[in-house]
Amino acid sequence: MLKQPQTKYRAFPPVQLEGRRWPDAQLTKAPVWLSTDLRDGNQALIEPMDAARKLRMFDLLVQVGFKEIEVGFPASSQTEFDFVRKLIEEGRIPDDVTIQVMTPAREELIERTVQALAGARRAIVHVYNAVAPVWRRVVFGLEVPQVMELIARHVGQVRRLTDAQPQTEWILQYSPETFSLAELEVSHQACETAITAWGAGRPIILNLPTTVENATPNVFADQIEWMVRQFADRPEVVLSVHPHNDRGTGVAAAELAMMAGAHRVEGCLFGNGERTGNLDLVNVALNLYTQGVDPQLDFSDIDAVRRTVEHCNHLPVHPRHPYVGELVYTSFSGSHQDAIKKAFAARREGDVWEIPYLPIDPKDLGRSYEAVIRVNSQSGKGGMSYLLESEYGLAMPRRLQIEFSQVVQRVMDRDGKELTAADLWQLFRHEYGLDARNVIQHRVWEAAAGDDGQRRVQLSANIDWQGAPCTVQGQGNGPIDAFASALSAAVGCPVRVIDYQQHAIGEGADARAMAYVELRLGDSPAFFGVGTDSDTSAAAMQALISGLHRAHAAGWATESAPEDAQCAVVVA
Ligand SMILES: CC(=O)SCCNC(=O)CCNC(=O)[C@H](O)C(C)(C)COP(=O)(O)OP(=O)(O)OC[C@H]1O[C@@H](n2cnc3c(N)ncnc32)[C@H](O)[C@@H]1OP(=O)(O)O
Ligand SMILES: CC(C)C(=O)C(=O)O
């Protein structure tokens with residue numbers, strides 16, 4: 001790269017526009033959309049579409065809701081010509097859809113183009129020629145007056161040929177190709193020349209392209225507002241824009257152009273097209289949708305649209321592509337996951353969509369919440385607890401989330417891979433011994449009230465303590481308290497329950513209790529235990545043993561069992 005790029009490149013000059021209004025405009029309705037997937041998109045493909053792929057794309061565009069579709073460049077090849085004939089002759093164009101075809105300003109090509117449209121109910125003939133200085137000088141070798149003469153002659157020819165087929169309702173589209181690179185006065189003169197040659201007052205679309213993006217989108221917006229002012233009092237003129245994406249700002253250019261007064265927008269699905277692509281129409285449409293504006297295009301099964309587009313174009317859509325990419329609704333990072341999880345929990349039916357890091361509800365586009373949160377080494381407790389809650393119904397207490405996320409992090413640090421919900425669930429079951437059946441049997445009965453008059457219960461349980469069956473007994477103000485005191489006696493060290501929470505998972509006959517206990521063994525730090533059972537007391541007791549096992553496994557143990565222990569629990 002050059003140290004002094006100004007010796008080779010120069011900035012496009014800003015537009016001198018007094019009192020520009022577009023910066024204050026707000027987009028409140030959808031533009032007229034024109035899909036050029038079958039023309040500009042197609043001409044950029046490694047393998048242009050055959051008839052079958054073209055038809056599939058056409059049907060998709062109709063189904064999504066496009067009312068104007070550029071179906072090809074009939075003079076370019078027999079395939080293109082035949083495709084247009086097929087649509088017309090087989091009656092495949094719905095009454096509310098208008099097809100458009102493109103031709104350069106060349107006599108024999110215009111003639112063939114109009115022939116291709118014979119019998120169409122309504123059609124847009126799209127004539128283009130480049131108007132920017134470099135093209136005039138290098139490509140055509142024409143001065144401005146000769147460019148105007150070229151337009152007048154060829155638009156006049158389109159008029160004569162189409163007038164001879166009055167059964168079709170004709171619209172002319174004229175594109176001063178390379179508009180964004182041209183002097184505004186020259187583009188304006190080119191458009192006026194086309195209007196005059198077509199016949200003042202007859203419907204015409206003036207389509208203003210950034211054939212190659214060459215400036216920041218505000219410059220394009222200025223250019224469009226300047227043109228809008230020239231045609232403000234001519235209702236027969238539809239001002240259209242056709243952005244490309246060379247600087248990566250095709251969408252911004254289209255949006256600012258709409259704010260500047262463009263009525264119509266041309267582009268392709270997911271931004272296929274020459275070089276870095278045409279404007280991505282899905283992106284603009286869904287940007288409108290997220291502002292509460294009906295885009296008049298239906299992407300409620302966006303993945304089906306993507307699959308068809310990938311099939312027709314033989315090109316993949318990037319996993320990070322706005323709204324549609326495989327990863328665009330996924331958060332891996334902990335702080336994002338935490339915010340998303342909290343926002344989902346706070347959200348009530350009918351609320352305005354306010355979920356952090358998710359500009360749109362994936363469900364509106366037919367995507368599930370499944371992929372919203374995925375867990376890797378950048379994740380925290382929020383992410384893994386969201387997955388365990390959404391997939392397995394676990395409502396883990398906050399401190400358990402913190403404890404288990406350290407277990408998850410250790411596995412991540414070791415393996416460095418993503419953990420799925422199923423992986424996390426397996427790790428959780430293993431860590432908290434959910435598959436072990438530690439409480440084999442238990443019995444609880446009322447004991448005489450204590451001196452304080454409070455209720456006392458007596459509990460006896462057959463448990464499996466580290467592979468050895470034994471019976472423990474204890475008393476307390478409820479089954480959990482009684483079981484804690486039974487275990488204290490059995491292990492010879494006080495088992496203190498700091499916190500206990502329980503909830504159901506599943507419904508009806510399949511419902512199970514999920515119990516979470518936080519305990520200390522003697523002076524140990526707090527450990528969580530988790531238990532599950534169809535019986536709520538059994539679940540709680542399982543959780544206590546689970547916590548005890550974990551404390552024990554971490555090296556916290558009594559020195560020896562007291563002599564009056566009900567069973568010979570051997571603790572290391
Ligand atoms: C920005 C855009 O997307 S514009 C659309 C571009 N799309 C396509 O080109 C796809 C289809 N094109 C084709 O199949 C072919 O190019 C055809 C059939 C149109 C023409 O093929 P050819 O006659 O072999 O010409 P070629 O492809 O080399 O085109 C260049 C010629 O057309 C002229 N030309 C280019 N654009 C235009 C135009 N809009 N109006 C008039 N003449 C034009 C060039 O000056 C050049 O003329 P020259 O041969 O006298 O120097
Ligand atoms: C609108 C036409 C001429 C076009 O495809 C372009 O300029 O990119």
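Each value in this text was obtained by applying a stated rule to the coordinates, not by laboratory testing. Just so you know, these numbers come straight off a predicted model, no measurement behind them. Note: ideal-geometry Cβ built from the backbone for every residue, glycine included; neighbour counts use all protein chains shown.
Tabulated data for the structure shown
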item: Within the chain, percent of DSSP bridges classed antiparallel, to nearest 5; result: 50 percent
item: Separation of alpha-carbon centers, the range 479-529 and the range 424-444, rounded to whole Å; result: 12 Å
item: Overall dimensions of the range 407-466 by Cα: Rg and Dmax, Å; result: 20.1, 58
item: Sorted by Cβ density within 10 Å, fewest first, the residues GLU80, GLU47, GLU326, GLU255; result: GLU47, GLU326, GLU255, GLU80
item: The range 103-153, dipole about Cα centre (Lys/Arg Cβ +1, Asp/Glu Cβ -1), debye to the nearest 20; result: 220 debye
item: Positive-end residue, the range 334-431 charge dipole about Cα centroid, Cβ charges, pick of ILE340, MET396, GLY383; result: MET396
item: Nearest-0.05 FRET efficiency for ALA436 and MET1, computed from C-beta distance (R0 56 Å); result: 0.30
item: Rg and Dmax of the range 30-313, Cα atoms only, in Å; result: 17.6, 50
item: Extreme residue, positive dipole direction of the chain, given options ALA252, VAL131, PRO316 (C-beta unit charges); result: VAL131
item: Sorted by Cβ neighbour density within 10 Å, fewest at the top, the residues GLU185, GLU70, GLU274; result: GLU185, GLU274, GLU70
item: Pair TYR369, SER300: separation of 7 Å Cα→Cβ label points (nm); result: 2.0 nm
item: Full-extension gain in nm, GLU169 to ALA511, via 0.36 nm per residue minus C-alpha separation; result: 116.5 nm
item: Computed label-point distance, nm, for sites TYR392 and ARG496 using a 7 Å Cα→Cβ extension; result: 3.0 nm
item: Residues in the range 398-439 that a label on SER377 would reach, taking backbone N under 17 Å of a point 7 Å out along Cα→Cβ; result: 406-420
item: Compactness of the chain as Cα Rg over 2.2 N^0.38 Å, two decimals; result: 1.45
item: Cα long-axis angle, helix 78-89 against the chain (0 to 90 degrees, to the nearest 10); result: 80 degrees
item: For the range 71-149, the spread of Cα positions along each principal axis, largest first, Å; result: 44, 25, 17
item: C-alpha long axis of helix 479-491 to longest principal axis of the chain, angle in °; result: 60 degrees
item: Modelled FRET efficiency - R0 25 Å, TYR9 with GLU183, Cβ distances, 0.05 increments; result: 0.80
item: Per-residue [θ]222 nm for the chain (sum of -39500 (n - 2.57) over DSSP H runs n ≥ 4, rounded to 500); result: -11000 deg cm²/dmol
item: Average Cα contact separation per residue, the range 30-313, under 8 Å, 6 or more apart, as relative contact order %; result: 21 percent
item: Dipole in debye (nearest 20) - the range 252-311, about Cα centre, beta carbon charges: Lys, Arg +1; Asp, Glu -1; result: 120 debye
item: TRP445 paired with GLN146, simple spin-label distance in nm, labels 7 Å along Cα-to-beta-carbon; result: 11.4 nm
item: Beta bridges per DSSP with both ends in the range 30-313, % antiparallel, nearest 5; result: 5 percent
item: Those GluC sites (Glu not before Pro) in the range 82-178 that DSSP places in a loop and that have at most 15 other beta carbons within 10 Å; result: GLU90, GLU143
item: Estimated FRET transfer efficiency when R0 is 56 angstrom, pair THR471-GLN63 (beta carbons, to 0.05); result: 0.20
item: Kirkwood hydrodynamic radius of the range 334-431, Cα pairs, Å; result: 14.0 Å
item: Cα-centre dipole for the chain with unit charges at Cβ (Lys and Arg positive, Asp and Glu negative), debye to 20; result: 960 debye
item: Listed peptides 337-348, 504-515, 193-204 by packing density, highest first (mean Cβ within 10 Å); result: 193-204, 337-348, 504-515
item: Calculated Rg and Dmax of the range 439-553 using C-alpha coordinates, Å; result: 13.9, 42
item: Listed residues GLY467, LEU327, VAL32: farthest to the positive end of the dipole of the chain (Cβ charges); result: VAL32
item: Interchain or long-range residues, amide H under 5 Å from GLU177's placed H; result: ASN129, ALA130, VAL131
item: Derived scalar couplings ³J(HN,Hα) [the range 395-403; Karplus, 6.51 cos²θ - 1.76 cosθ + 1.60; whole Hz; x for Gly, Pro]; result: 10, 6, x, 3, 5, 5, 4, 5, 5
item: Range of Cα positions in the range 350-498 per principal axis (Å), largest first; result: 63, 41, 22
